Amino acid sequence: MRTHRAPRRAAVLALGTALVSLLATSPAGAGTSGLPVVRATSETAALYDDEAGGNSDADDPAIWRNAADPGRSLVVATAKEGGLKVYDLKARLVQELAAPKPPAEDDAPGRFNNVDLVSGLRTSAGRADVAVVSDRGNDRLRVYRVDPSRRGGPLTDITDPAAAPVFSVDQSEINDQRTAYGLATWTNKATGRTYALVSQRERTRLALLELVPAAGGKVGYRKVRTLDLPSSFRLPDGTSWSPCAEPGELPQVEGMVVDPATGTLYAGQEDIGIWRLRADLTGKPVLVDRTREFGVPGVYDETTEECVAGADPGYGGKRLSADVEGLTLLQKRGGEGYLLASSQGDNTFALYDRKGNAYEGGFRVGAASATLDSVEECDGAAVLNSPLGKRYPRGLLVVQDGDETPGVPDGEGGTRTATGFKFVDLGAVVDAARL
């Protein structure tokens with residue numbers, strides 16, 4: 001059974017670290033270090049990816065706005081085997097829901113990867129706001145009704161028990177963990193139908209799933225179509241290139257977001273860059289920006305489980321260092337706004353114009369104090385450009401922090417692996433980046 005990507009992550013980071021170190025000493029890398037810095041206002045309690053911590057690993061957030069009382073809005077976030085966490089705007093935990101247990105002892109456990117929200121989803125019990133989650137462990141989607149007045153916590157599981165695996169044909173394939181991974185929701189304005197776009201782990205495949213009402217107020221889904229992004233690329237010198245990875249793995253997608261005004265999907269292929277395509281998965285995808293590592297040859301060393309990078313031929317981009325992670329949309333009126341992407345390899349965030357996708361700048365999230373540390377290796381991000389009470393009158397940005405500090409001793413001379421989520425005043429981002 002395989003449930004962890006640590007070897008591949010180490011391989012990619014080893015290749016990316018070599019390039020970032022080279023860029024930092026060259027004129028081409030000077031712009032990265034000169035990005036403006038913003039500070040988080042608060043952070044969630046650390047999550048620990050060990051038995052004592054419930055194998056909790058922060059990954060992806062989503063922001064639910066309480067229209068009746070914006071100051072009581074919520075952040076719903078995934079913690080992989082740790083399930084779902086719900087926080088208030090002070091980053092305090094208000095509810096946690098466990099991921100499903102494995103069907104049998106040797107099967108993969110539930111593992112919540114990404115989350116997105118839908119407002120006013122049609123169900124057999126009426127309209128409802130819901131959180132949709134990709135359960136990588138079980139290769140399924142799970143759907144939770146959001147009701148802030150509910151006693152015991154705002155989220156209730158309303159997943160159709162008959163929901164089928166997204167990509168796998170049986171439990172054996174599920175255990176191989178080439179399963180539902182990245183996720184974004186989309187409501188087609190022309191038809192009113194609501195969908196989830198889901199990526200497949202260790203593959204380039206995207207699936208379009210329609211969310212459909214089921215009996216008793218439950219919600220299921222049906223697969224509409226799939227699309228495969230490229231896994232190899234023709235370079236300007238005529239050669240073919242694929243990113244270095246563990247044998248058998250293809251360059252996967254995780255971070256995704258749909259622009260609701262245009263029905264445009266942005267998909268972050270981690271080692272490659274950001275794709276723009278129709279959310280209905282028809283038409284031809286366009287590569288908006290490339291990672292710096294694009295085109296760099298690498299050889300996988302099975303002994304070290306890392307990639308050994310070759311010479312950089314200079315075909316990569318200038319703004320993103322692999323992995324490309326959390327994509328989110330800062331929406332403004334009239335179709336204006338920005339696509340925000342986490343550049344995980346150099347701990348920065350890039351901003352692209354919402355209409356033409358031109359690069360508009362970037363920023364870092366730096367340390368606010370000795371305990372409220374900076375953001376590193378960010379996976380997921382969510383932004384909401386709406387007033388959220390007195391605490392966030394200009395909106396909120398929530399980002400995953402892949403290296404929460406200060407560390408806690410693990411009893412064996414090291415520190416426990418800790419992650420969490422940082423809350424950032426969106427107004428500070430807008431001012432610092434001059435948006």
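The values are calculated or read from the model by the stated rules, or taken from the named source; none is laboratory data. Quantities reported herein were computed from a predicted structural model and do not represent experimental measurements. We place every Cβ from the backbone using ideal geometry, glycine too, and count neighbours over all the protein chains shown. Quick note on the areas: whole protein, heavy atoms, side chains included, nothing else; ligands and nucleic acids left out. Shrake-Rupley method; radii C 1.70, N 1.55, O 1.52, S 1.80 Å.
Give me the percent of accessible area attributable to carbon and sulfur for the range 43-176, probe 1.4 angstrom.
On the way: 2450 of 5620 Å².
Solvent-exposed carbon and sulfur of the range 43-176 make up 44 percent of the total.
Hey, with R₀ at 41 Å, roughly what FRET efficiency would GLU360 and ARG127 work out to, going by the Cβ-Cβ distance, to 0.05? Can you show the working numbers first?
Numbers: r = 36 Å, r/R0 = 0.87.
FRET efficiency, GLU360 to ARG127: 0.70.
How high is the FRET efficiency from SER386 to ASP69, r the C-beta distance, R0 22 Å, rounded to 0.05? Mind dumping the intermediate values first?
Details: r = 13 Å, r/R0 = 0.59.
Computed FRET efficiency for SER386 and ASP69 comes out at 0.95.
Loop-only chymotrypsin sites (Phe, Trp or Tyr not before Pro) in the range 149-234, please: DSSP not H, G, I, E or B, and at most 14 other Cβ atoms within 10 Å.
Working: sites: PHE167, TYR181, TRP186, TYR195, TYR221, PHE233; in loops: PHE167.
Nothing satisfies the criteria.
Under a point spin-label approximation (7 Å from Cα along Cα-to-Cβ), what is the TYR315-VAL408 distance to one decimal in nm?
4.6 nm
Under 26 Å Cα-Cα from LYS101, which lysines qualify once same-chain neighbours fewer than 8 residues away are excluded?
Correct list for LYS101: LYS80, LYS85, LYS218, LYS223.
Return the aspartates and glutamates within reach of LYS332: Cα separation strictly under 20 angstrom, same-chain partners fewer than 8 residues apart disregarded; answer none if there are no such residues.
Within the straight-line cut-off, LYS332 pairs with ASP116, ASP259, ASP353, GLU360, ASP425, ASP431.
Tell me, how many Å apart are the Cα centres for the range 359-435 and for the range 277-317?
26 Å
With r as the distance between the Cβ atoms of SER242 and VAL212 and R0 = 35 Å, compute the FRET efficiency 1/(1 + (r/R0)^6) and round to 0.05. If you can, show how the numbers build up before the last one.
On the way: r = 37 Å, r/R0 = 1.05.
My answer for the efficiency is 0.40.
What accessible area per residue comes out for the chain, rounded to a whole number of Å², with a 1.4 Å probe?
41 Å²
Please say if the range 157-280 is rounded, prolate or oblate, where rounded means a/c under 1.5 for a ≥ b ≥ c the square roots of the C-alpha gyration tensor eigenvalues, and otherwise the choice is prolate for a/b larger than b/c and oblate otherwise?
On the way: a/c = 3.08, a/b = 1.45, b/c = 2.12.
Because a/c hits 1.5 or more and a/b fails to exceed b/c, the range 157-280 counts as oblate.
Taking the range 366-435, which trypsin sites (Lys or Arg not before Pro) meet the DSSP loop condition and have no more than 11 other C-beta atoms within 10 Å? Intermediate values should be presented prior to the final figure.
Working: sites: LYS390, ARG391, ARG394, ARG416, LYS422, ARG434; in loops: LYS390, ARG391, ARG394, ARG416, ARG434.
Here the sparse-neighbourhood loop sites are LYS390, ARG434.
Using alpha carbons only, how many angstrom separate the centre of the range 47-93 from the centre of the range 204-231?
The range 47-93 and the range 204-231 have Cα centres spaced 24 Å from each other.
Out of the DSSP beta bridges found with both residues in the chain, what percent are antiparallel (nearest 5)? Mind dumping the intermediate values first?
Numbers: 104 of 109 bridges.
Antiparallel: roughly 95 percent of the beta bridges in the chain.
Among (1) 153; (2) 165; (3) 226, which one is volume of the Cα convex hull per residue in Å³ computed from these coordinates?
Recomputing volume of the Cα convex hull per residue in Å³ here gives the entry labelled (1).
Expressed in nm to one decimal, what extension gain is obtained for the pair GLN171 and THR226 from 0.36 nm per residue of sequence separation less their Cα-Cα distance?
Values: separation 55, 0.36 × 55 = 19.80 nm, distance 2.11 nm.
Gain on extension, GLN171 to THR226, equals 17.7 nm.
Give a residue-ordered list of calculated ³J(HN,Hα) values for the range 87-98 (Karplus: 6.51 cos²θ - 1.76 cosθ + 1.60, θ = phi - 60°; whole Hz; x for Gly, Pro).
10, 8, 6, 8, 6, 8, 6, 10, 6, 9, 10, 6
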